[in-house]
Amino acid sequence: MGELIIVRHGETEWSRARRHTGRTDLPLTARGEEQARALAPVAAGRSFARVLSSPAERARRTAELAGLAVDEVDPDLWEWDYGGYEGITSKSIREDRPGWFLWEDGVIPGDAGHPGESVERVGERADAVLGRVRPLLAEGDVALVAHGHVLRVLTARWLGLEPAAGRLFRLETGTLSTLGTEHDRPVIAAWNVPPPAG
């Protein structure tokens, strides 16, 4: 059985500023492009049965620069829809809502383009992705190129945990993680691994 390789896209202006970036489609920064290129030697060392990407430009560009030929753009890999908190930092949100924590308190509705979604809804999308890729793992490794929070939720679901358990898995931009099995049980084989120093 293959492994599930999850790649968080490279840095954007908003990720650098710690602003919640759900459906706003931002390009990579110069550093984000460097992070993506640095993943190429790791990607070149594997043969992938399938590569799936979020529709976001930042994910698709990361895949391209890392040498991952995307077979399918999967809308279920979009980042969490932060609703009215799109583009806002956690620090700013806590000015009005002291103690606010995304994983427990969720988001408020935004405009038509950012209606917002619950962690449970993100979990449903992650489950749908896993349902589609699990059979592909019989053919070899599968890569998913997407975003920090959705990949954290997907990891929780891979492990059989509730979606909000994604809070336990910090994930930086431009990193690669590996989900696999041990004795036929789901495990994290590697987590939040930066590209090798060039």
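A compact table of results
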{"read-out": "When residues of the stretch 52-72 are limited to those that are of a type outside the set (D, E, K, R), over 22 Å from ARG31 (Cβ atoms) and surrounded by fewer than 16 Cβ atoms within 10 Å (Cβ to Cβ), the one farthest from the chain's Cα centre (by Cα)", "value": "ALA69"}
{"read-out": "Lone qualifier among ALA36, ALA49 - being surrounded by fewer than 18 Cβ atoms within 10 Å (Cβ to Cβ), out of contact with any Pro (no Cβ under 8 Å at 6 or more places or on another chain), among the small types (Gly, Ala, Ser) and not in a loop (DSSP other than H, G, I, E, B)", "value": "ALA49"}
{"read-out": "Selected residue (only one of ARG60, ARG121 is more than 19 Å from HIS9 (Cβ to Cβ), out of contact with any His (no Cβ under 6 Å at 6 or more places or on another chain), of a type outside the set (Gly, Ala, Ser) and at pLDDT 95 or above)", "value": "ARG121"}
{"read-out": "Residue in the stretch 66-93 that is farthest from ALA49 (Cα to Cα), counting only those that are hydrophobic (A, V, I, L, M, F, W, C) and in contact (Cβ under 8 Å) with a residue 40 or more places away in the chain", "value": "ILE88"}
{"read-out": "Complete set of residues in the stretch 1-33 that are at pLDDT 95 or above, surrounded by fewer than 17 Cβ atoms within 10 Å (Cβ to Cβ) and either more than 28 Å from ARG94 (Cβ to Cβ) or aliphatic (A, V, I, L, M) (or both)", "value": "ALA17, PRO27, ALA30"}
{"read-out": "Residue in the stretch 54-68 that is of a type in the set (S, T, N, Q) and over 25 Å from GLY174 (Cα atoms) present", "value": "no"}
{"read-out": "Residue check for GLY32: in contact with a strand residue (DSSP E or B) (Cβ under 8 Å, 6 or more places away or on another chain), of a type outside the set (A, V, I, L, M, F, W, C) and touching a residue at least 24 places away in the same chain (Cβ under 8 Å)", "value": "yes"}
{"read-out": "Unmet requirement for ALA112, which otherwise passes all of (1) modelled with pLDDT under 95; (2) within 17 Å of the chain's Cα centre (by Cα); (3) not aromatic (Phe, Trp, Tyr)", "value": "(2)"}
{"read-out": "Considering residues of the stretch 170-198 that are more than 12 Å from the chain's Cα centre (by Cα) and closer than 16 Å to GLN35 by Cβ only, the residue surrounded by the fewest Cβ atoms within 10 Å (Cβ to Cβ)", "value": "ALA197"}
{"read-out": "Residue among GLY106, GLY83, GLY87, GLY140 that is closer than 29 Å to THR29 by Cα and in contact with a Gly (Cβ under 6 Å, 6 or more places away or on another chain)", "value": "GLY83"}
{"read-out": "Pick from the stretch 157-169, criterion closer than 21 Å to HIS20 by Cα and more than 12 Å from the chain's Cα centre (by Cα), ranking: surrounded by the fewest Cβ atoms within 10 Å (Cβ to Cβ)", "value": "LEU168"}
{"read-out": "Helices (runs of 4 or more DSSP H) contained in the stretch 94-195 and holding at least 1 residues touching a residue at least 12 places away in the same chain (Cβ under 8 Å), closer than 24 Å to PRO55 by Cα and small (Gly, Ala, Ser)", "value": "119-133, 148-158"}
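The values are calculated or read from the model by the stated rules, or taken from the named source; none is laboratory data. Nothing here was measured: the structure is a model prediction, and the numbers come from that model. Please note: Cβ atoms are built from the backbone with ideal geometry, for glycine as well, and neighbour counts cover all protein chains shown.
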